[in-house]
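The values are calculated or read from the model by the stated rules, or taken from the named source; none is laboratory data. A quick note: this is a predicted structure, and the numbers were derived from the prediction, not measured. Reconstructed Cβ throughout: ideal geometry from the backbone, glycine too, with neighbour counts over all protein chains shown. Side chains are part of the model used for accessible areas, which takes the heavy atoms of the whole protein and leaves out ligands, DNA and RNA. Shrake-Rupley method; radii C 1.70, N 1.55, O 1.52, S 1.80 Å.
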Amino acid sequence: MLQYDNSAFYFVALSFITLYLVPSWYYIISRVYRAFFGLSDKDVGAVARTAAENKKAKDLQKTSKGLALLQSKGFLINLGITVFLTFIFIYLSVSVSSDGEVNSFDPFSILEIDTGSEMKVIKKAYRSLSIKYHPDKNPTPEAKAKFMMIAKAYEALTDETAKENYEKYGNPDGKQSLAVSIGLPAFLLETKYRNVVLMSYLIIMVGVIPFCVWKYYSDSSKFGEKDVMYETYSWYHHTLTENTIIKSLPETFAGSA
């Protein structure tokens, strides 16, 4: 039976978050560079040829360059999401690096001693760490997993068979078979989180997804060919006739949706 695996979940989550973070940070950095360094006055049309145009040029500089270019609602929302996901990315990266099942098995590192340490040092470190992380003294799941790794590391350095397996296969238990698991966090299977998981599933399936479909359909149904709104088509149909004169065109264009 397949099991949910925290380690696999970290990698899956990191992969999906990276797909968003890389283009998002590129867009943010490009936008910031463009706001402060990449746009000249000529690019935003803020070139004053006469004294009367000088005030308009200054107004364009204020609204088209600098912080004004970074204050749009879409940019700020994307920035907030990107920063939040960046913190999640850092947390998952730390979790991956500290997960014993993901790291290559290094008994010296697990026992917190130097590579090639003498047997006396190995035994001293094992006694100290086994007392610290023993389930009777430290009943947390993390301590239990750490205690098992400490015991395995000590066995790999003291037992001849385990040591031979470690040197040959990188694991004191010998050659390992391929393990297949589901890339979802293991807490989803815990009884105390059952109601939360069911409610989250219900909200997403009954609320969020139907709302997204409705929102997409309602927005897309307003546009016709070449993304022109149907209201604009209707307005042009009533205002543009064979009797339309040129001087009324600005009013016609201004009334477009």
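Assorted remarks:
- Criterion: over 24 Å from Asn6 (Cα atoms) and open to solvent by less than 70 Å² (accessible area, probe 1.4 Å) - qualifying residue of Ala156, Ala143, Ala151: Ala156
- Just one of the listed residues (Tyr236, Tyr217) is surrounded by 11 or more Cβ atoms within 10 Å (Cβ to Cβ), assigned to a helix (DSSP H, G or I) and not polar (S, T, N, Q), and it is Tyr236.
- Condition check for Pro139: over 30 Å from Ala254 (Cβ atoms) and either touching a Ser or Thr at 6+ places or on another chain (Cβ under 6 Å) or part of a loop (DSSP other than H, G, I, E, B) (or both): yes
- For Leu39, the test of being at pLDDT below 65, surrounded by 13 or more Cβ atoms within 10 Å (Cβ to Cβ) and touching a Gly at 6+ places or on another chain (Cβ under 7 Å) is failed.
- Residue in the range 196-205 that is within 30 Å of Asp106 (Cα to Cα) and hydrophobic (A, V, I, L, M, F, W, C) present: no
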